[in-house]
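The values are calculated or read from the model by the stated rules, or taken from the named source; none is laboratory data. Remember, it's a predicted structure, so these values are computed and weren't measured experimentally. Here the Cβ positions follow ideal geometry from the backbone for every residue, glycine too, while neighbour counts run over all protein chains shown. To get the accessible areas, we keep the full protein, side chains included, count just its heavy atoms, and leave off ligands, DNA and RNA. Shrake-Rupley method; radii C 1.70, N 1.55, O 1.52, S 1.80 Å.
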Amino acid sequence: MKLSAANLALATLLVATPAQAAAKTPAATAPAATASTLTPGACPPPAVVQPDPAAPVPPVNPAALEQSIKDLPAADATAAIVRVGGTKGSWRGVTGVADITTRRKASAHVRFRAGSVTKMFTTAVVLQLVAEGKVSLDGTVQDYLPGLLPDSYPEVRVGQLLNHTSGLPAPSLPGTFDWVYRTRFKTWTPEEYVGLAVRNPIEFTPGTRQHYLNTNTFVAGLLIEKITGRSYEREVTSRILRPLGMRDSYLPGASPRIRGPHHKGYQSVPAGFEGAIAYGAGHVVDMTETSVTSTWASGDLISTAADLEKFVKALFSGKVVPPAQLEPMFTVPEVTMYDECGNQPAVYTSGMTRLVLPGGIVAYGKTGARYGYAAGVGATRDLSRTLVYSVNSTDAKASGQNDRTLRIALAAFSR
């Protein structure tokens, strides 16, 4: 499937998530240019694509989907799982190998790291607490979590955490994959992560811009714990995973392992890198075992394609969050993104991204990236089309992730 420039830009919204773990940690390979590297006068015009409420969702295109994951393992990925559903048909696909050493065949039923897809779950629990009258979206972090933020900070509202308009900064940490690899088993506490972040000044007046940062969901996780008196992990499990029968999904806490059947995850590295394994014409390191405390309530979920499909159907149907409180997950704030250009409209809702696909189809979803794992969940609001994918990308945190996930996203909505 050939990607036009316009389609590529649109699909990037579906699969691209700014790379950030415990630090601002780009992958080992050079990322594509971002707003921060643009030369003066190079800012693109605002990206505005008009939605078409009458745009029909096409029938599932098996040929396009098969093409999107063919020929694995390859340089860009070792395995892929795709699950497409909805009222216009369904399709399942899996290809590649679970382990590049044994060449064991990939499986559609394995667990994988879902990365920032976790934010959908954390956001949903906060909105459940809103529905229960225990939290207000207009309430402030300073009232609910006194002492967490510096006295110099302005009031930050709960709703601004969820839609990334809080202005809270990220921690200033080393930005190399070498550092990530050396510290991959470090156990972070949420308080430690947030404490490092708020040493930096607030980025902008809360509510005036949008900047997607893990700090927001870390604070949301701490809010859940303060209000309920129980751990974030227990609340997500008891409120979402168990009621929906997501038996293969769990939050690992401090464990660096993935329980049960899973594909190994690899990251591309230069020759001579510590632990490097020859792979094709290049080298990779095994990142399957790694601490996810560095992303905690922002990115620690381990799940399966079938479980995530079950979740998105229940969420969009109002079975996870009551319809009255669910609306923020489908609402993009009317602000611009926080970057050098400052003219791009916001794209994130509370917990998800809103995107207008080629042809005017509107979909909502979330992506996630941990080294070796790129995952995505998306659907039209009426659930006429759902998409879940997991790609064992060899450069999952590169800017825009990789062409493989772009192709999968487009294929799921193509004619």
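So here's what we get for this one:
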read-out	value
The range 70-168 - percent of accessible surface contributed by carbon and sulfur, probe 1.4 Å	47 percent
Highest-first arrangement of 352-364, 368-380, 81-93, where packing means the average Cβ count within 10 Å	368-380, 352-364, 81-93
Residue of Asp300, Asp339, Asp403 that the Gaussian network model of the chain assigns the largest fluctuation, springs spanning Cα pairs under 10 Å	Asp339
Alpha-carbon centroids, the range 142-199 and the range 256-326: separation in whole Å	21 Å
Contact order relative to length of the chain, as percent, for alpha carbon pairs under 8 angstrom and 6 or more apart	31 percent
P(r) tail fraction, the range 177-321 - alpha-carbon pairs more than 28 Å apart, %	34 percent
Computed [θ] at 222 nm, deg cm²/dmol, the chain (DSSP H ≥ 4; -39,500 (n - 2.57); rounded to nearest 500)	-7000 deg cm²/dmol
Karplus 3J(HN,Hα) series, Hz, for the range 110-118 with 6.51 cos²θ - 1.76 cosθ + 1.60 (x for Gly, Pro)	8, 7, 8, 7, 8, x, 6, 4, 3
Cα-based reach from Lys313 at 16 Å (exclusive), listing aspartates and glutamates while leaving out same-chain residues under 8 positions away	Glu327, Asp382
Rounded to the nearest 10 Å², the accessible area of Leu196 at probe 1.4 Å	40 Å²
Karplus (6.51, -1.76, 1.60) ³J(HN,Hα), θ = phi - 60°, over the range 355-364, in Hz, Gly and Pro reported as x	9, 10, 8, x, x, x, 5, 9, 9, 10
Highest to lowest packing among 315-323, 385-393, 52-60, 343-351, scored as the average C-beta count within 10 Å	385-393, 343-351, 315-323, 52-60
Percent accessible area from carbon and sulfur atoms, the range 274-337, protein chains only, probe 1.4 Å	54 percent
J(HN,Hα) series, the range 136-145, from Karplus relation 6.51 cos²θ - 1.76 cosθ + 1.60, nearest Hz, glycine and proline x	10, 5, 8, x, 9, 4, 4, 6, 6, 10
Listed residues Cys341, Cys43 arranged by accessible area, highest first, probe 1.4 Å	Cys43, Cys341
Largest-first principal axis extents, alpha carbons of the chain, Å	54, 53, 52
Probe 1.4 Å, protein heavy atoms only - accessible area per residue of the chain in square angstrom	39 Å²
Rough spin-label spacing in nm, given labels placed 7 Å along Cα→Cβ, for Cys341 and Arg234	4.6 nm
Accessible surface of the range 354-405 [probe 1.4 Å, protein heavy atoms]: carbon and sulfur percent	48 percent
